[in-house]
Amino acid sequence: MVTQQSRNSDADPSGRLLPALVLLFIGSGCAALIYEIVWFQLLQLVIGSSAVSLGVLLGTFMGGMCLGSLLLARVVSARAHPLRVYALLEIGIGILGVVVLFLVPLVGRMYSAIGGHGPVSILLRGVVGAICLMPPTLLMGATLPAIARWVETNPRGVRWLGFFYGGNIAGAVFGCLLAGFYLLRIHDMVVATLVAAAINFTVGGIGLWLSHRTSHAAGETSDVAPLRAPGAGLVYATIAISGACALAAEVIWTRLLSLMLGATVYTFSIILAVFLTGLGIGSSVGSWLAGRIVRPSLALGACQMMVAVAVAWGAFMLAAVLPHWPVNPSLTTSPWITFQLDITRTTWAILPAALFWGASFPLALGAIAARGHDPARLVGEVYAANTLGAIVGALGGSLVLVGSLGTQGAQRLVVAMAIIAALLMFIPMMFPARGDGSTATEPSLSGLRATGIAAVTLATIFAVFLALTVPKVPPGLVAYGRFLPTWTQQPSYLYVGEGMNSSVAVSDWGNGVRNFHVSGKIEASTEPQDMRLQRLLGHLPALVHANPKSVLIVGFGAGVTAGTFVLHPGIERIVICEIEPLIPQVVGEYFGPQNYDVLKDPRVEVIYDDARHYILTTDEKFDIITSDPIHPWVKGAATLYTREYFDLVKRHLNPGGVVTQWVPLYESTPDVVKSEIATFVGGFPNATVWGNTNDGQGYDTVLLGQAGATRIDVDALQARLARPEYLRVSESLIEVGFQSPLDLLATYAGTGPELGPWLANAEVNRDRNLRLQYLAGMGNNSYQGGPIYSEMLSYRRYPDGLFTASGEATARLRAALGGR
């Protein structure tokens, strides 16, 4: 075995390089988090915006680092210069980071050529994504064990190992904020990746330079040097459970905080940054303690008991306190002011637990460190145990716990696991082994043990009590999210459920208004303006198309849009894509009269998958594809608004096929709306815009596109609706205020060419940047629907090329459109 003392005495006797190495690790952590956020966006395009993509990212990230930390000490000789090894690892990460940027989309396209969709396909895509991310994450995991060989396994060395870990986390906080608030908001995934790679190359270059300026001597130690301290197995088990608790809680809390703050990309960055900040601060404190206390193992156990208390604290804050803070996000249109409130609430809830999780790692190192222990193996084994637990927590939290136990049950389980981790550390104190070498007298040992057992028992009872008092998520939080404090009254909640991907609710105000809520916002309702929009998305393309037979609906919602196609006599096949199984299976029944019991129609097939991937893998083409996704400010939704997505949709239309796309004007800004329309017009240059108003003000719009120019024969349309088989279609239109076909056509609001000057400087949303979710996330508290729609209408002229009609119909239509 290689001795560390001889090497360090020659290479760095004063430890003067150690602060510089911490700075290098800050750079490593910064690059790693930039990659993580970029890779999450990549996986959304390949796997879909689901719990699977999050689980794959976290699981693979941790899995790769777990393997890397274990393999370094076994593959790389201790005689190799630690700084050179570390530098080469950083350079390798930079190279592989760039490769992944291009490899993941390529592999995704290759997989799509094979086809397949549904739950099994989602998991297979997850495996494919994991394989692509494994090489760079494996190198990331090896960096800490590599640099660990620069210190000794004495108390001072263990402190510095903890500082390296804390520095890495500090860099990760900066990288998280840099990527989420600047690199991806202003630039794109390519630029963000190149910045991360440049950091890797810089760190690697400095490491190589330092390795050439320092010597590295290695000798051999006696074979009697211990590899592990007594009780190491319990420490490994404890730190593994700690990792599982941390990642499971992060997944659960992300779900709850995204309800409370709004599920924007910025919310996810804030949550991650606060969580990592807690880990970093806790790691620094734990590193300071690890080399100064006699029994680090007891401190590690105390940390886990405090984790149980802190998780219960976070659960109580997130369910019973923070949702009711008197915060009205619509009082300011500045997102930067809102972000301050978001950071405050996130910190208040999750920072305490993160502090204790952060302190656990250096305390675990101190608990098992022994002279002669190879630092790389010491760090690698502890890190591997921690990350192995993190993998279980990430996958279990995202794929199993919330969907099966709900957030209440999942948090109770995390508290219970933390208690178990604490008890594992207290076992040696409560049941000491014979011959433990203690010099204390037997009576004093017995008294100390009795006191310890009593303290542990009381702490355990208290923690269990806290676990049992973890509250349920409030129905109002699932329904109204960040606007819950503004509601002085609450409706009756007919259903509240927490699925694997989304939290959903159905509410009824008792006045005929029924709402369907997803992730803290109303997604569909029986309000007149919402019913009109949902029917418009279905009836408009079905009537514009001469003879539609097949339809694809992206997003089930309340099923109202899908249900409109049931009424059209020529429709033979209706395919609905929905990624959250709870929505069609449960929610659809509550809107049966409005959606015409669409799920009972034999022509209907429901595909539980990401709609984008379904379109990419299916060979089927459709006469109509209508898309009603969630708001573009919701993280992941922007993938259904990209230029590449619209090109993909166009390729899956039959000749004469029609596509419609929902574009909201509320909770939006002019830049966001321009981006959505400009991106659609890029794929369908002759696209038309159709408006839906509320109290005369702009509310939302429907974009309609075809491969060629759209032509609407008004007389033929009127004749079709007059036929007996179209009676139910006419009744459905009348229910939402369209008394005649001319009323429907009067919603015309412009064409792509007409709006060209207005769209001149619009940002086009593309796969490589998903710019829309960053734009929309800045304007989700803005309500400018009226001015936006008025500005659009200022460009509208009567479209002679769009409508063909008799003189009387033309006159009436011109009058309805303002005579221009």
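Only one of these is open to solvent by 50 Å² or more (accessible area, probe 1.4 Å), assigned to a helix (DSSP H, G or I), over 21 Å from LYS635 (Cα atoms) and at pLDDT 75 or above: ILE206, ILE169, ILE199. Name it.
ILE206
For the range 417-428, taking the residues that are within 22 Å of VAL309 (Cα to Cα) and open to solvent by 40 Å² or more (accessible area, probe 1.4 Å), the one that is modelled with the lowest pLDDT is identified as ILE427.
In the range 337-388, of all residues being charged (D, E, K, R) and not in a helix (DSSP H, G or I), the one that is farthest from MET429 (Cα to Cα) corresponds to ASP374. What about ARG79, is it open to solvent by 10 Å² or more (accessible area, probe 1.4 Å) and either in a helix (DSSP H, G or I) or under 15 Å from PRO136 (Cα atoms) (or both)? Spelling it out, it is not the case that ARG79 is open to solvent by 10 Å² or more (accessible area, probe 1.4 Å) and either in a helix (DSSP H, G or I) or under 15 Å from PRO136 (Cα atoms) (or both).
Of the set (1) open to solvent by 20 Å² or more (accessible area, probe 1.4 Å); (2) touching a Cys at 6+ places or on another chain (Cβ under 7 Å), all apply to ALA273 but (1). Counting only strands (runs of 3 or more DSSP E) that sit wholly inside the range 665-777, those with at least 3 residues that are crowded, with 18+ Cβ neighbours inside 10 Å and in contact with a Ser or Thr (Cβ under 6 Å, 6 or more places away or on another chain) are 688-694, 697-705.
Among the residues making up the range 492-520, a single one is touching an Asp or Glu at 6+ places or on another chain (Cβ under 7 Å), within 15 Å of ASP530 (Cβ to Cβ) and surrounded by fewer than 22 Cβ atoms within 10 Å (Cβ to Cβ): VAL513. When GLU527 is tested against (1) without any contact (Cβ under 8 Å) to a residue 60 or more places away in the chain; (2) closer than 22 Å to ASP743 by Cβ; (3) open to solvent by less than 20 Å² (accessible area, probe 1.4 Å), only condition (3) is not met. Restricting attention to the range 328-350, the residues being open to solvent by less than 40 Å² (accessible area, probe 1.4 Å) and within 24 Å of the chain's Cα centre (by Cα) number 10. The lone criterion from (1) open to solvent by 50 Å² or more (accessible area, probe 1.4 Å); (2) among the hydrophobic types (A, V, I, L, M, F, W, C); (3) free of Cβ contacts under 8 Å to residues at least 24 places away in the same chain left unmet by TRP313 is number (3).
When the residues of the range 281-310 are filtered to those that are modelled with pLDDT of 90 or more, small (Gly, Ala, Ser) and touching a helix residue (DSSP H, G or I) at 6+ places or on another chain (Cβ under 7 Å), which remaining residue is surrounded by the fewest Cβ atoms within 10 Å (Cβ to Cβ)? Filtering the range 281-310 for residues that are modelled with pLDDT of 90 or more, small (Gly, Ala, Ser) and touching a helix residue (DSSP H, G or I) at 6+ places or on another chain (Cβ under 7 Å), the one surrounded by the fewest Cβ atoms within 10 Å (Cβ to Cβ) comes out as ALA299. Taking the range 632-664 as the range and being in contact with a helix residue (DSSP H, G or I) (Cβ under 7 Å, 6 or more places away or on another chain), within 14 Å of ILE677 (Cα to Cα) and open to solvent by less than 20 Å² (accessible area, probe 1.4 Å) as the test, the residues that pass are PRO632, ALA638, TYR641, THR642, TYR645, PHE646, VAL659, THR660, GLN661, TRP662, VAL663. Is it the case, given these coordinates, that LEU599 is under 29 Å from LEU399 (Cβ atoms), crowded, with 24+ Cβ neighbours inside 10 Å and either aliphatic (A, V, I, L, M) or out of contact with any Lys or Arg (no Cβ under 9 Å at 6 or more places or on another chain) (or both)? Taking the combined requirement at face value, the residue does not satisfy it. Applying a threshold of 9 Å to beta carbon distances and a minimum spacing of six or more residues, or different chains, the list of pairs starting in the range 130-149 at a residue that is outside any helix (DSSP H, G or I) and ending at one that is at pLDDT 90 or above and among the hydrophobic types (A, V, I, L, M, F, W, C) reads ARG149/VAL85. Residues that are at pLDDT below 90, among the β-branched types (Val, Ile, Thr) and open to solvent by 10 Å² or more (accessible area, probe 1.4 Å): does the range 218-230 have at least one? Among the residues of the range 218-230, at least one is at pLDDT below 90, among the β-branched types (Val, Ile, Thr) and open to solvent by 10 Å² or more (accessible area, probe 1.4 Å), which makes the answer yes. Among the residues making up the range 539-553, a single one is assigned to a strand (DSSP E or B) and open to solvent by 10 Å² or more (accessible area, probe 1.4 Å): SER550. Checking the range 381-390 against the condition returns no match, with no residue being without any contact (Cβ under 8 Å) to a residue 40 or more places away in the chain and over 20 Å from the mean Cα position of the chain (by Cα).
The values are calculated or read from the model by the stated rules, or taken from the named source; none is laboratory data. The model shown is predicted, which means the values in this text are computed figures rather than measured ones. Every residue, glycine among them, receives a Cβ derived from its backbone with ideal geometry; neighbour counts consider all protein chains shown. For accessibility, only protein heavy atoms count, side chains too; no ligands or nucleic acids. Shrake-Rupley method; radii C 1.70, N 1.55, O 1.52, S 1.80 Å.
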